[in-house]
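No lab work stands behind these numbers, since they all come straight from the coordinates. Here the structure is a predicted model, which means the values were calculated and not measured. Positions of Cβ are backbone-derived with ideal geometry, glycine not excepted, and every protein chain shown enters the neighbour counts.
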Amino acid sequence: MIDPSIPPEPWLSNDDLWTMATAVLASVACGLVGCWLVLRRLSLLGDAISHAVLPGIAGAFLLTGTRDVLPMLTGATVIGIATAFISSALGRFGRVDRDAALGVTFTSLFALGVVMMSLAARQVDLDPGCVLYGLLEFVPFDTVDLLGVQVPRAGAWLGGALVIDVILMMAFFKELRATSFDPAHAATLGLRVGLVHLGLMAAVAANTVVAFEAVGSILVVAMLVAPGATARLWTDRLVPMLWLASAIAVSTAIVGYLAALELNTSAAGMIATMSMVGYLGSAGIVSARGALRRSASRASAVLTMPQPRSDRL
Amino acid sequence: MAELLRLMSLQDSSTRVVMMSTAGLAIAAALVGTLAMLRRRALVGDAVAHASLPGICLAWFVAGDRSLAVLLLGALVLGLACMGTMALLQRLARTREDATTAIAISGFFGLGIVLSRMIQNQPSGNRAGLDGFLFGKAASAVASDAWLVLAVAGIVVVLVLGLRKEFGLLCFDRDFAVGLGRPVHRLDGLLLVLVALVTVAGLPSVGVVLVVALLVIPAAAARCWSSSLGAMLAISALIGAASAIIGTGLSAVLPPPSGAVGGGWPTGPMIVLTAAVLFVLSLLLAPERGVLIAMWRRHRRRAADASIVRSAR
Amino acid sequence: MQEALALSGVSVAYRDELVLERIDAHIPVASMCAIVGPNGAGKSTLIKAALGLVPLVAGRVTVLGGTMAQRRAQVGYVPQRESVDWEFPISALDVVLMGSYGRLGLLGRPGRTERTQAMECLEQVGLVAMADRQISQLSGGQQQRIFLARALMQRAQLYLMDEPFAGVDAVTESAIMQVLDALRRRGCTIVAVHHDLSTVRECFDHVLLLNKRLIAAGPVATAFTGDAIHRTYGGRLTVLPDAAYESRTASAGD
């Protein structure tokens, strides 16, 4: 157990580095997948899925009685995809707008998950509170042997998830781009729009679950949405946006982790806070820059105009 | 069994007050939620709820007094600040509403976790009171707190019912309301303040994560039954009150599962699950727009179409 | 004469309401056909139904002698400009390259050949200079022409266009018209939703008058008559008292 009252001996111990690496992996994996959520204006669906996977995790736990990742991953991915379908079906049949349909779906599923967990509370190691904000600090205590090196189990899973994300994204880049930009046209080209959507939802759910043990279900939303949304503020190009989002994800995770270490507080919470700060700061700078540029061009237009027109708007 | 009788007959005055306050709050939330949903702001309450967590922590730090009123005041202040930030970002270039909402939800919650961990680390820190806000614990609320919540709910209900016509105009035809010279911006602002008020007042009983369900689920259920504002308000209030009473009752009466340490059935999630069940029933059974009715109509039309085609040949 | 597009008994419903009722239409190869009708007549729905983007309640669509699934590679689609998110981070050239995605197969990606072809398509619509621009920086008419270039990139036989002239100025309109004329001379068929009744005669050779049902269809000379237009728009083009409108639609309906 880490006693929070004793500061770490060297500035960064080996455990700290492993924890930070895990946070970085979680941040990049989620951030890359999240870019597509941002582009498709589905950020809130990411939020909903990350809440709604709870009953999937609790169900897998109740059925198997273990905290093995694979059953939880399966359960959560199924529920995650179900969330996407249920909320879009509610929008169609219940005739409520998309946000309301999402709100109904994820609160109901989350409530179900909490109740299931409190039924399972005799196995004390599944705590609803930790589900919300994760236990990044405990990552180094659960290691697996990987090529002779003891690496954190969560980190190994996240590294695997990141590799799979990148491979899938490169293989289906064309499909992702076309179906995100103009789904109807993509369908007439014979691209499988529904299948791409399904795959993306599955990827969001799977990444959420893998990251979730470390950072919790609400903070994972920041990792999903903030890098993509922040990068989008700075660039108009898709590929640079993906690179920039990765860079933002890495730096947010590192800065957040170090700040948490300094203040002796929750690292996952700090990373989410930093994500928001980065987004707000970027929005402020970009819009200030835009306003400056507009006023500069207005000024030059006035200067180059031979006679200022009185009816200028 | 004796416990059940005592509860159901509302003989115990403190149970009575707690139930009344939860039901009153649910009615207020359902009314405001209906307006917010029609105004397409269904999930604003979720952002406010998550922003209230750091608000509670800050109030804890700043005020020596740790009464519920002070904590909720802090929550309200940060909730409104969160709304203000989101409104500001809307006006800045290129930020997207869904991404902004998701980042606000997650970022503010992260900040709340950071602050609450710092409180826990203080020598005098006792986070037990704060943990209650995550999932809510209506059953253990004291009567004076219940009266506070009831008072807030009462004010909100009076305002909504008093300004029903104005809000209706705002939700259904904003431009027309502008044309009539109604103070649309002030009404919009008032609606957001009401959302913040009921959200914050709902924290003690339902908790940060699920309080938005009180706003969204009864409203979405009422949408299945009617399209007229008056009827929707009445139905959603009814569904909200029923969910609160049945959910609170169930969580108090159901025997805790064997060996559970978490105190058995959590109140907030039980209220939300009850609302979800009522929503599903509404979706299926509503006379005009219910799923069952629609399926029957479609079946009949298919049959009619088939007979037309047959007679044409 | 071979048919580029044949609809037989096509009905489409949104929710519980029929928006297209038993449409029968036959559009010959190498024709240029306008779909004309008032708002809510189901013009866009007809295009989407032909493409298989909305499910049919009844009826059949035949494209170039086969089903839509078989002929997918030979059909180009120009959607309405409002149908996509123009803030999407993508350059004009990349949008045009999407036209090649269908023939590239599952794991293929556009290479040098496709880039050259895309630049040629941009040249045809006069937007080579805009190739690297982000699409939100283009004007409405330029965005419309980018969509046209993307359809050209598909090298299709049949082009289905949803309001290709919406919101473009006269210069752009004539530029688009020239491209369409060149396509038709190569033997391609063009079916376009069109709003401007005054230009139907000069720009199109076939017409399909639609108001939930098919009112008239055929060569412009025979089908595009004053009476047919009147029945399509239900007298709304001229100022008529309600009673006259009612009796007119009643007699037109039966």
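Distant-in-sequence amide contacts of C:Val207, defined by a placed amide H-H separation under 5 Å and a gap of 5 or more residues or a different chain, comprise C:Ala34, C:Gly218, C:Val220.
By other beta-carbon atoms within 10 Å, ranking C:Thr222, B:Thr267, C:Thr62 with the fewest at the front produces C:Thr222, C:Thr62, B:Thr267.
If you add up the charges near A:Asp47, with Lys and Arg at +1 and Asp and Glu at -1, over every other residue whose beta carbon is less than 10 angstrom from its beta carbon, what do you get? Working shown, then result.
Numbers: positive: none; negative: B:Asp46, B:Asp98.
Surrounding charge for A:Asp47 is -2.
Inter-chain neighbour count for C:6-15: the average number of beta-carbon atoms from partner chains within 10 Å of each residue's beta-carbon is 2. Dividing the summed -39500 (n - 2.57) terms of all DSSP H runs of n ≥ 4 by the residue count of chain A sets its mean residue ellipticity at 222 nm at -26000 deg cm²/dmol. Selection among C:Thr172, C:Met161, C:Val125 by position relative to the dipole of the range C:116-214 gives C:Met161 as farthest towards the positive end (Cβ unit charges, Cα centre). Across the range A:186-255, the convex hull enclosing all Cα atoms gives 104 Å³ per residue. Scanning residues 5 or more positions from C:Ala58 or on other chains, those with amide H under 5 Å from its amide H are C:Ser11, with H placed 1.01 Å from N in the peptide plane. Remark on the range C:10-121: Rg and Dmax equal 16.8, 49 Å (Cα only). Packing, as the average of other Cβ atoms within 10 Å across residues, places the peptides A:246-259, B:159-172 in the order A:246-259, B:159-172, highest first.
Can you work out D for the protein assembly as shown in µm² s⁻¹ from Stokes-Einstein, where Rh is the Kirkwood radius over C-alpha pairs, the temperature is 10 °C and the viscosity is 1.306 mPa s?
Rounded, D is 53 µm²/s.
Please state the charge dipole magnitude for chain C, taken about the Cα centre, from unit charges on C-beta atoms (+1 on K and R, -1 on D and E), reported in debye and rounded to the nearest 20. Here chain C has a charge dipole of around 780 debye.
For the range C:1-133, what does the relative contact order come out to in percent, with C-alpha contacts under 8 Å and a separation of six or more? It would help to have the intermediate numbers written out before the result.
Details: 150 pairs, mean separation 27.9, N = 133.
RCO, the range C:1-133: 21 percent.
Taking amide H atoms as placed 1.01 Å from N in the peptide plane, the amide H of C:Val19 lies under 5 Å from those of C:Val12, C:Ala13, C:Tyr14, each 5 or more residues away in sequence or on another chain.
Given chain C, report the % of alpha carbon pairs whose separation exceeds 30 Å. Tail fraction, whole percent: 29.
Annotation: the antiparallel percentage among DSSP beta bridges lying fully within the protein assembly as shown is about 60. Peptide packing: for A:152-163, A:199-210, the average count of neighbouring Cβ atoms within 10 Å per residue gives the ranking A:199-210, A:152-163, highest mean first. Screening chain A for whole DSSP H helices with an alpha carbon extent of at least 24 angstrom along the helix axis and a mean Kyte-Doolittle hydropathy of at least 0.5 yields A:14-39, A:43-64, A:69-93, A:98-119, A:153-171, A:193-215, A:238-263, A:267-304. Look at the alpha carbon pairs under 8 Å that are at least 6 residues apart: their mean separation over the length of the range A:14-221 gives a relative contact order of 34 percent. Normalise the Debye intensity by I(0) for the range A:73-197, one equal point scatterer per Cα, no solvent, then take log10 at q = 0.16, 0.19 Å⁻¹ and round to two decimals. Log10 of I(q)/I(0), two decimals: -1.10, -1.20.
Count, for each residue of A:271-283, the Cβ atoms from other chains sitting within 10 Å of its Cβ, then give me the mean as a whole number.
Numbers: counts 4, 11, 11, 4, 4, 11, 2, 2, 7, 9, 0, 1, 9.
If you average over the peptide's residues, the count of other-chain Cβ atoms is 6.
Fewest Cβ neighbours within 10 Å first, please rank C:Val54, B:Val209 accordingly. Can you show the working numbers first?
Numbers: C:Val54 19, B:Val209 32.
In increasing order of surrounding Cβ atoms, one gets C:Val54, B:Val209.
Remark: mean inter-chain Cβ contacts per residue of B:269-277 equal 5, using a 10 Å Cβ-Cβ cutoff to other protein chain atoms.
Sorting check: for A:106-112, C:105-111, B:230-236, which peptide has the highest mean count of neighbouring beta carbons within 10 Å, and how do the rest follow?
Going from most to least packed, we get A:106-112, B:230-236, C:105-111.
Give me the net charge of C:Val96's neighbourhood, meaning all other residues with Cβ under 11 Å from the Cβ of C:Val96; Lys, Arg count +1, Asp, Glu -1. So the environment of C:Val96 carries a net charge of -1. Under the criterion of Cα pairs below 8 Å and six or more residues apart, the relative contact order for chain C equals 25 percent. The Cα atoms of the range A:60-116 cover 40, 20, 14 Å along the three principal axes, with the biggest extent listed first.
Taking the Cα centre as origin and putting +1 on Lys and Arg beta-carbons and -1 on Asp and Glu beta-carbons, what dipole magnitude results for the range A:14-221, to the nearest 20 debye? Before the final figure, lay out each step's value.
Numbers: 11 positive and 15 negative charges, 182 e Å.
Result for the range A:14-221 is approximately 880 debye, rounded to the nearest 20.
Sort A:Met169, A:Met270 by Cβ crowding within 10 Å, fewest neighbours at the top. Walk me through the numbers on the way to the answer.
Details: A:Met169 16, A:Met270 29.
So the residues, fewest neighbours to most, are A:Met169, A:Met270.
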